[in-house]
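Asks: Before anything else, here's the structure in question.
The values are calculated or read from the model by the stated rules, or taken from the named source; none is laboratory data. A quick note: this is a predicted structure, and the numbers were derived from the prediction, not measured. Counting neighbours? That spans all protein chains shown, and the Cβs are built from the backbone with ideal geometry, glycine included. The accessibility values were calculated without ligands, DNA or RNA, using every heavy atom of the protein model including side chains. Shrake-Rupley method; radii C 1.70, N 1.55, O 1.52, S 1.80 Å.
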Amino acid sequence: MPVGTISSSFDTVGVSVVNYQVPICESREDVIANCHKIAKMIEGLKRGYPGLDLVIFPEYSTQGFHPTKWGELTTTLDGPEVQIFKQACMDNGVYGIFSLTGEEHPEGKNPYNTLIMISDEGKIAMTYRKMFPWCPLEPWTAGHETAVAVGPKGLIVGGTICYDLNLPEIMRDTVMKGAELVVRIQGYMYPAKQQQVAVANVRAWENNCYVAVSNMAGRDLVYSYFGHSNIISFDGTTLAECETTPDEATYAELSLTAVRNARRNWTAENHLFNLVHRGYTSEAGGHAPCPFQFYKDWVNDPTRAKATAEALTRDTDSPLKCTYADVPVMKPSRLAEETLHAPRAEATGRTGLGKDAGKHGMVDDDISTEEAGRWKDGMPKGTTHHITATAS
């Protein structure tokens, strides 16, 4: 696959990903102003990349993720934010993928975390709602199905959001619906840079599929985001990648023929075919039935599958309330005890609810039980500790 070009052709789709500067929106007026900034950026990207067919903005790039005001900044699929994006796509003759955090829930539940793809005619071509909100913090209501749609020049595009792509099942299901490009919009922060950059390459290789990732960059009121938006070929190699600069963008062209040819003619690397043709080199046609007990249980007996996962991990949402004993903390050395009178540390319960611990009535990942009550209005009060010291 050629790299370094700013062009495209009838056989190639020009894609741009953006390290969008994480917005800090305190009001709906801030959100609208930010949407106009995004629209202006699309205009510049089309001018700079004349082959551009699809531009992708990160999760949280529209409304941000304000730690206390997120619930006041929700919108709908026909809200003013979306209208601005529709106009920008029409004005510049491009498809665009955008983030809504959140999209109002029709039943009044917590909002969805939603990805939309808008066509060059200003129509919503795809809507995907995040299936696996990030634990332990995101408040979004979970979506329940993967999504694909026809994108520019007939490229079949699927959507995922941030944490989703850590679970191989979402990518595989999206690809098995026909996706040739799977988009991952994300708001990923340090310290997860190494893992989250690498997973895009792995998912592309596993699924003989292009992957395009747009991540935020910069710092909001809570996190620092590492950027590194990238575009990965179906063979797992990197076609283009940003660094860490906010509002940095990059570009690559994706060949329709190349990915379709690979899926048609590859053998050893054709993971999609090989999955349901096990052993075809010795038995014509191979074996199609699922050989994996966990997946059989998940489909036929979800309660049993859940029990299996809980037996392997924990049996409650909150680690603090888990019925299984925590791993004991190893005591300090005898020298430290005898000469420094070092106390013996004991592990405390943790739930990892971060700054919303107090709101949920649960204990933060990094604070002791006694300190949980010091959290108020989403902000920590006092010093937190990883362990509680007791006399040896």
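Asks: Return the subset of Lys37/Lys177; Lys123/Lys153; Lys130/Lys306; Lys123/Lys193; Lys69/Lys109 for which the Cα-Cα distance in this structure is over 26 Å, preserving the input order.
Replies: Over 26 Å Cα-Cα: Lys37/Lys177; Lys123/Lys193.
Asks: Lys321: which aspartates and glutamates have alpha carbons under 14 Å from its alpha carbon, excluding same-chain residues fewer than 8 sequence positions away?
Replies: Excluding near neighbours in sequence, the set is Glu310, Asp364, Asp365.
Asks: Another one. So which aspartates and glutamates can Lys86 reach, going by Cα to Cα under 12 Å and dropping same-chain residues fewer than 8 places off?
Replies: Of all the aspartates and glutamates, those that pass the test against Lys86 - Cα under 12 Å, at least 8 places apart if same chain - are Asp78, Asp120, Glu121.
Asks: To continue, here is another question. Pop the C-beta distance of Lys37 and Ser9 into the FRET formula with R0 = 25 Å and round what comes out to the nearest 0.05.
Replies: Details: r = 31 Å, r/R0 = 1.23.
For R0 = 25 Å, the calculated efficiency reads 0.25.
Asks: How far apart, in nanometres, would the label points at Lys177 and Glu206 be if each is projected 7 angstrom from Cα along the Cα-to-Cβ direction?
Replies: Placing both labels 7 Å along Cα→Cβ, they lie 1.8 nm apart.
Asks: Would you mind checking the tilt of helix 80-92 against the longest principal axis of the Cα atoms of the chain, expressed as 0 to 90 degrees and rounded to 10?
Replies: So the inclination is approximately 40 degrees.
Asks: Same structure, new question: Taking a probe of 1.4 angstrom, what is the accessible area of Glu337 in Å², to the nearest 10?
Replies: Number for this one is 40 Å².
Asks: Which of Tyr49, Pro139, Asn230 sits closest to the plus end of the dipole of the chain, meaning its Cα is farthest towards the positive end, when Lys and Arg get +1 and Asp and Glu get -1 on the C-beta?
Replies: Result: Asn230.
Asks: Specify which labelled value, from [x] 39.6, 126; [y] 23.5, 76; [z] 20.1, 64, agrees with Rg and Dmax of the Cα atoms in Å derived from the coordinates of the model shown.
Replies: Checked against the structure: label [y].
Asks: To the nearest 20 Debye, how big is the dipole of the chain about its Cα centre, given +1 on the beta carbon of each Lys and Arg and -1 on that of each Asp and Glu?
Replies: It works out to roughly 380 debye.
Asks: What FRET efficiency do you get for Thr245 and Trp266 if R0 is 45 Å and r is their Cβ-Cβ distance, rounded to the nearest 0.05?
Replies: That pair, Thr245 with Trp266, gives E of 0.80.
Asks: What residue among Tyr251, Gly286, Val13 has its Cα farthest toward the positive end of the dipole of the chain, where the charges are +1 on Lys, Arg and -1 on Asp, Glu, each on the Cβ?
Replies: The Cα lying farthest towards the positive end belongs to Gly286.
Asks: Note down the accessible area of Glu269, probe 1.4 Å, to the nearest 10 Å².
Replies: 70
Asks: Something else about it: Over the chain, what is the relative contact order in whole percent, taking alpha-carbon pairs under 8 Å and six or more residues apart?
Replies: 14
Asks: If each residue of separation counts as 0.36 nm, what is the full-extension length gain between Tyr295 and Arg334 once their alpha-carbon separation is subtracted?
Replies: In short, 9.2 nm is gained.
Asks: Can you give me the relative contact order of region 19-82 as a percent, contacts being Cα pairs under 8 Å and 6 or more apart?
Replies: RCO, region 19-82: 51 percent.
Asks: Rounded to the nearest 500, what is the 222 nm mean residue ellipticity of the chain from helices alone, with -39500 (n - 2.57) per DSSP H run of 4+ residues and division by all residues?
Replies: -8000 deg cm²/dmol
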